[in-house]
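One structure is given below, encoded as structure tokens.
Nothing in this text is a laboratory measurement; each read-out follows from the coordinates by a stated rule. What you see is a predicted model, and the numbers here were worked out from it, not measured in a lab. Cβ sites come from the backbone with ideal geometry, for glycine too, and all protein chains shown count toward neighbours.
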Amino acid sequence: CQSCRIQRCNAEYVSSLSPATGHQEDTASDVDYCTALRAYSLCTKRTARGCRGDLVFHSAVFRIKELFVQHNCSSEGPTASVKAPSTSRPTAVDTCDFESRALASGPAGARKKKYAHCGLFGDPHLRTFKDEFQTCRVEGAWPLIHNRYLSVQVTNVPVVEGSSATATNKITVIFKAYRDCTEQKVYQATTEDVPSAFQDGTRSGGHADSLRITDGSGHSGVRQVTINARYLGASIIVRRVGHYLTFAIRVPEEMVEESGGLQLCLHGCPRSELINAHILGRGQWKVESDGQVHPGRTDLLERATSRCRETLQVEDVYFQSCVFDVLTTGDVQFSMAAFAALQDLKALPPSTLEQSAVRTPHDYNGARQSAPSILVIVLLLSLILL
């Protein structure tokens, strides 16, 4: 049954009338007083069912009626505070909510909060926290992130027998215990199972669900899971596209720790693991070896280009990655990996997208101009340099 919460109503009413600055002369105006009184009355109505026979409750209801008459307040009107921001009472800080902590540091502090994005998808293509875009081999288990807040490890397997191109079939995310906000939680996804829960069977954890999993399906039956860590200000999206997985994360830049340890999201792939790398904003691919065009790939290239253009619309680095994926696997459905990664970038954008149009995926003019000739040569070279 519903419990009586009249004491909470009383406390909220008294708090709403407390001076914002602590000075006694800062008394509430008649308008603010009537607003607070209406909110008080509404609170008592909501808890009335659980307060039958409670003397404190009935006393409060009687007193509210007297105060309405005494201050000439109407029962109709707003019940939320209408004070100007400069005189409003500061809200309590939720120490297990990153945004709340940022706002508590003041407007200037909140504006300074910047975010970084890392994504891994396809064969696999990596977008680092530093906005570098690479295509790597990295077969086996590799750490994407490893710091005092969380660890992310991916396992990649060859996509085609005899090819050095790989794709992700397992993702493990470890959220480490953080103050009083959350205990350690582990999430693991494979191509066979993208669960909607942590390994302990729970979908949330920590203070006021400061760590929570939500799920849903994307385009063409793509399986998607989103993990929000409010206490870190971090969001993660894990998708299953066809037979493989994609990963994306958005974190505050202050959480991206510079360290000597191997973290693909921070430092990128080791040079020995690069198939080819294209750096955002330069509009070109960098090839580290020479080769010659492989015969018999023209039809597949045309089909890959057509499918990726249909899926992605704009010929940027995600389009180039899409063509690469279709060429290496021979599966046109794999074009959805690049599309999913681009959707994740839009859902979890880094601050650089807001500050610099050059780094926006839709603005790689150099890549767009040089794509037809360079893309044909480079992608086919990558296929024979295995």
A correct fewest-to-most ranking of Thr95, Thr298, Thr328 by other Cβ atoms within 10 Å would be Thr298, Thr95, Thr328
Among Lys45/Lys114; Lys45/Lys185; Lys45/Lys346; Lys113/Lys185, the pairs whose Cα-Cα distance exceeds 32 Å are Lys45/Lys114; Lys45/Lys185; Lys45/Lys346
Taking amide hydrogens as modeled 1.01 Å from N in the peptide plane, which residues meet the under 5 Å criterion relative to Leu144, leaving out close sequence neighbours?
-> Val152, Gln153, Val154, Leu264
Ile64: net charge of surrounding residues, Cβ under 12 Å, Lys/Arg +1, Asp/Glu -1, itself excluded?
-> +3
Would you mind checking which residues have amide H under 5 Å from Thr182's amide H? H placed 1.01 Å from N; only 5 or more apart, or other chain.
-> His207
By the scheme Lys and Arg +1, Asp and Glu -1, what is the net charge of all other residues having a beta-carbon under 12 Å from that of Thr191?
-> +2
Table column - 3J(HN,Hα) (Hz), region 125-142, Karplus curve with 6.51, -1.76, 1.60, x for Gly and Pro = 9, 10, 10, 7, 4, 8, 6, 8, 10, 9, 10, 10, 7, 5, 6, x, 8, 9
Sum of side-chain charges, Arg46 neighbourhood, beta-carbon under 12 Å (Lys, Arg +1; Asp, Glu -1) | +3
Using θ = phi - 60° and the Karplus curve 6.51 cos²θ - 1.76 cosθ + 1.60, what whole-Hz ³J(HN,Hα) does each residue of region 34-50 get, with Gly and Pro shown as x?
-> 5, 4, 5, 5, 5, 5, 4, 5, 4, 4, 5, 5, 5, 9, 4, 4, x
In nm, the gap between the two label points placed 7 Å beyond Cα toward Cβ at Lys114 and Gln313 is 2.8
